[in-house]
Amino acid sequence: MSMLAIAVVLLLIFIAIGVPVCFAIGLSGLCAVAFGGDAPLFMVVQQIVRGLNSFPLMACPFFILAGEIMGAAKLSDRILDFCRACVSWMKGGLGAVCVLANMIFAAISGSGAASISAIGSLTTPQLKKTGYNRGFVAALIAGGGALGPIIPPSMNMIIYGSLTGDSVGKLFLGGVLPGILIGGAMMLMCFYYAKKHHVDQGTGTFSIKDLLTTLRKSFFALITPLIIIGGVISGVFTPTEAGIVACVYGLICGFFIYRTIKVKELLSIFRRATESSAMIMMIMGIATIYSYIFAVENVGDMISNFLLSISTNPIIIMLIITVIMMIIGCFMETIAAMVVLLPVIYPVVMGLGVDPVQFGVLFCISTVLGGVTPPVGVYLFLSMSIAGANIKEVARYIIPIVIFIVTTMILIIFIPGVATLVPNVLMR
């Protein structure tokens, strides 16, 4: 059997029997190289090192650490107070607060899981107390978490840029409009739910005094995204350096401005960040074995010929790739799917003249769907745990959120400006 056949068959078997994706990819790749080719096994080690030898990729551990620091500094509490002053007066306002707070926190941490943990745990009790169904609450939190990899800074976009060499700053900005569209649609969903079920009618009054008070108290938390994204797009620092700046700024907020972090908490903060970083870096390194197998087996040309035999229209090709990514994302961890598939399909799409930012944003959003759909569904199952809901209760409410995400992806395919307008204006 060829290396490719051994790798694919074993990967499917390992995943089917419940082997963690990272180890499933590593073991199947190792067996493929050992029994399907002539290359020495040391080649596997070389590929792992090559996969991790990327300066842009160094940004991931720093942003993970920044998210942990921001969470420990309790910036999420102040962000929530500001969001309540902004939208809680509307019908369905408490649900909209959850969405808006997720959007802002996503612009700080770059991680969906971090947003769910920080915002979801704070908003769930009040949402349920107000009358929201726990299945709806879980779906809302999962959808809010899905905004993490879309709204800049995004871990997925950093990884995408490290694999393709595209501008991470432009990818960051490309996620702004799609993130706003999805978040806005989720807020409208909250309004419709509140109106239909006669819950959360809002306070009915908007107080400019409360808004200014909460803005003053949360000011240093709210300007964090401006510091991070502004520094990247202005060229003051790289995405990797932006991660370092975010960590230092978070420590300044926690120790000196809000005084919510104690020195003794630093060890646990760094431990949690190290665990999360190790998981991502393991996947990034080990999944690179497949890049070697695909190169040796000429998979890129095979996929290119197959796709181009169907159509040479870039819109059709992007639709096909999007569907493939949506399906694969349901069964494979997001980062692993990116590392395995992106080096193969990226040259095909670029050969058709597609804007790299348009495709980058589209690709990163397509990987998010796996987080809100079973059986992998990291965001979904984490939010279900927080809300105390089961999959049957959540299923009916997660479908509209999936539709919002898919609709945004279709808009990006047919209207590239949805992804390219902001970076083209701000980063010419």
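The values are calculated or read from the model by the stated rules, or taken from the named source; none is laboratory data. Everything quoted here is computed from the prediction, not taken from an experiment. Because the Cβ atoms are built from the backbone with ideal geometry, glycine has one as well, and the counts that use them run over all protein chains shown. We work out accessible area using only protein heavy atoms, side chains counted, and drop any ligands, DNA or RNA first. Shrake-Rupley method; radii C 1.70, N 1.55, O 1.52, S 1.80 Å.
Annotations for the structure displayed:
- Taking the criterion of being of a type in the set (A, V, I, L, M, F, W, C), open to solvent by 60 Å² or more (accessible area, probe 1.4 Å) and within 13 Å of Tyr292 (Cα to Cα), the only residue of region 11-40 that qualifies is Leu30.
- Restricting region 365-420 to residues that are among the β-branched types (Val, Ile, Thr) and not in a helix (DSSP H, G or I), the residue that is surrounded by the most Cβ atoms within 10 Å (Cβ to Cβ): Val372
- Filtered residues of region 5-22 (kept if assigned to a helix (DSSP H, G or I), free of Cβ contacts under 8 Å to residues at least 24 places away in the same chain and out of contact with any Ser or Thr (no Cβ under 7 Å at 6 or more places or on another chain)): Val8, Val9, Leu12, Ile13, Ala16
- Whenever a residue of region 132-157 is closer than 18 Å to Met384 by Cβ, its partners that are hydroxyl-bearing (Ser, Thr, Tyr) and part of a loop (DSSP other than H, G, I, E, B), lying with C-beta atoms within less than 7 angstrom and at least six residues away or across chains, give the pairs Gly148/Ser111.
- Only one of Cys83, Cys98 that is without any contact (Cβ under 8 Å) to a residue 40 or more places away in the chain, assigned to a helix (DSSP H, G or I), open to solvent by less than 40 Å² (accessible area, probe 1.4 Å) and over 22 Å from Ser276 (Cβ atoms): Cys83
Yes/no per residue for (1) loosely packed, with under 14 Cβ neighbours inside 10 Å; (2) in a helix (DSSP H, G or I); (3) not hydroxyl-bearing (Ser, Thr, Tyr):
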{"residue": "Ala295", "(1), (2), (3)": "yes, yes, yes"}
{"residue": "Asp301", "(1), (2), (3)": "yes, yes, yes"}
{"residue": "Phe306", "(1), (2), (3)": "yes, yes, yes"}
{"residue": "Ser309", "(1), (2), (3)": "yes, yes, no"}
{"residue": "Thr312", "(1), (2), (3)": "yes, no, no"}
{"residue": "Ile320", "(1), (2), (3)": "no, yes, yes"}
{"residue": "Ala336", "(1), (2), (3)": "no, yes, yes"}
{"residue": "Pro343", "(1), (2), (3)": "no, yes, yes"}
{"residue": "Val348", "(1), (2), (3)": "no, yes, yes"}
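- Evaluation of Val21 against (1) modelled with pLDDT of 80 or more; (2) within 19 Å of Met338 (Cα to Cα) (one fails), failing number: (1)
- Qualifying positions in region 43-64 - without any contact (Cβ under 8 Å) to a residue 12 or more places away in the chain and closer than 12 Å to Tyr292 by Cβ: Val45, Gln46
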